[in-house]
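What follows draws every value from the coordinates through simple rules; no lab data is involved. If you're wondering where the values come from, they're calculated on a predicted model, not measured in any experiment. Neighbour counts are summed over all protein chains in view; Cβ atoms, including those assigned to glycine, are modelled from backbone coordinates with ideal geometry.
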Amino acid sequence: MKKFYFPEIKINPITIFILILGILTRSFSSLFLFYLLAAIHESFHCLTAFFFKVKVEKITFHPLGFSAELKDILYQQNWKQILIYLSGPLSFFPSLAFLFFLYQGNFLSSYGYLQAQENNLSLLLFNLIPFYPLDGGRIFETIFLTFFPAKKALKIRMGLTFFLSFFLFYLCIKEEQWFLLIFLIYGSISSLFFFNKEYRNYLFSRLGRVSLFQEKTSKYGEIYHFSHNIFFYKNTFIPEEEYILCQEINLLQHKRE
């Protein structure tokens, strides 16, 4: 009999501080509703991942909501990835029905109902922004990886995130959304300064998994995400696993020199 697996649950310490602050300032009910909607949003990601047999390894409770860590999602078919990422924003519709049920059952006041509707709409629109690592950013990343070499695709995603950050910073400052501003600043800085590290981690993540895809001969040392790339290297054809390891050895030797 197959053992049931339950993902690891992690709570950010800042989230606990915000919840305590909500109790002390008597704003816990509004905060609870927001986190409830965020939990529904993330549960739709997890349910869709479960449907496609993608393992949910960890769920983290952040100050701005929840995030699920999905094992090897990058190596699912692109349409499956997009559906998994899109399922969170689409939870807007069942959440809307759920809020209406709470309101009709007198569990929500008129003001609380309107506020919850605004939060639900904000979650939908915010997560569809093509800013990585939001759902919209991940959807665009999958599309870019479908049509461009991996390094170029990740650079386009990085550029899009950095470009949008200026507009989003302005909106956050205008609306005094300081926690959201910190999140966006961290995301844009990370995408810019940790790109090389992220790309190396991406290459290592491919080892042992590329056999899932069709073979493709790469002329210029470019790695196409949805292909098992073959390279002409030192007068011979080698698979990408060997090519990645060769590039890493060359990089280490260069650093030592």
Report task. Determine the sum of side-chain charges near F148: Lys and Arg each +1, Asp and Glu each -1, restricted to other residues whose C-beta is under 13 angstrom from that of F148. Result -> +2
**Report entry** Contour minus Cα-Cα distance for K152 and T217 (0.36 nm per residue)
**Finding:** 21.7 nm
Query raised in the report: Relative to the Cα centre, what is the charge dipole magnitude of the range 1-128, using +1 at the beta carbon of each Lys and Arg, -1 at the beta carbon of each Asp and Glu, and rounding to the nearest 20 debye?
Result: 380
**Report entry** Of Q81, Q214, Q117, the one that fluctuates the most in a GNM where the chain has Cα springs shorter than 10 Å
**Finding:** Q214
Requested in this report: Quick one: angle between helix 78-90 and the longest Cα principal axis of the chain, in degrees between 0 and 90, rounded to 10, please.
Outcome: 10
Query - Selection from T146, F169, I238 lying farthest towards where the dipole of the chain points positive, charges on Cβ - result: I238
Report task. Specify which labelled value, from [x] 21.4, 75; [y] 16.9, 55; [z] 17.7, 63, agrees with Rg and Dmax of the Cα atoms in Å derived from the coordinates of the model shown. Result -> [x]
Requested in this report: State, as an integer percentage, the relative contact order of the chain based on alpha-carbon contacts under 8 Å between residues 6 or more apart.
Outcome: 13
Query - Once exposed loop chymotrypsin sites (Phe, Trp or Tyr not before Pro) are cut out (DSSP; at most 10 other Cβ, 10 Å), longest piece of the chain - result: 6-219
**Report entry** Sites matching trypsin sites (Lys or Arg not before Pro) across the range 20-121 that sit in DSSP coil, with at most 13 neighbouring C-beta atoms within 10 Å
**Finding:** R26, K53, K55, K71
Requested in this report: Per DSSP H run of n ≥ 4, the term is -39500 (n - 2.57); total these for the chain, divide by its residue number, and report the mean residue ellipticity at 222 nm rounded to 500 deg cm²/dmol.
Outcome: -21500 deg cm²/dmol
**Report entry** Percent antiparallel among DSSP beta bridges (both partners in the range 1-128, rounded to 5)
**Finding:** 60
Report summary line: Placing each pseudo-label 7 Å from Cα in the direction of the beta carbon, Y202 and E175 end up separated by a distance in nanometres of 2.9
Query - Cα→Cβ-extended label distance, 7 Å offset, between F32 and F193, nm - result: 4.0
Requested in this report: Determine the alpha carbon to alpha carbon distance for each of K55/K219; K152/K216; K71/K152; K80/K151 and list only those over 27 Å.
Outcome: K55/K219
Query raised in the report: Between L128 and residues 5 or more places away or on another chain, which pairs have amide H atoms under 5 Å apart, with H built 1.01 Å from N, and which residues are they?
Result: G136
Query raised in the report: Antiparallel DSSP bridges in the range 126-251: what percent, to the nearest 5?
Result: 50
Query - GluC sites (Glu not before Pro) within the range 99-192, DSSP loop, no more than 10 other Cβ atoms inside 10 Å - result: E176
**Report entry** Of T60, L90, A49, farthest towards positive along the dipole that unit charges on Lys, Arg, Asp, Glu beta carbons give the range 1-128
**Finding:** A49
Query raised in the report: Could you give the angle, 0 to 90 degrees to the nearest 10, between helix 178-193's Cα long axis and the longest principal axis of the Cα atoms of the chain?
Result: 0
Query raised in the report: Quick one: helix 150-175 against the long Cα principal axis of the chain, what's the angle to the nearest 10°, folded into 0 to 90?
Result: 20
Query raised in the report: What does the charge count near F126 come to, summing +1 for each Lys or Arg and -1 for each Asp or Glu among other residues with Cβ under 13 Å from its Cβ?
Result: -3
Query raised in the report: Hey, with R₀ at 25 Å, roughly what FRET efficiency would L21 and N106 work out to, going by the Cβ-Cβ distance, to 0.05?
Result: 0.35
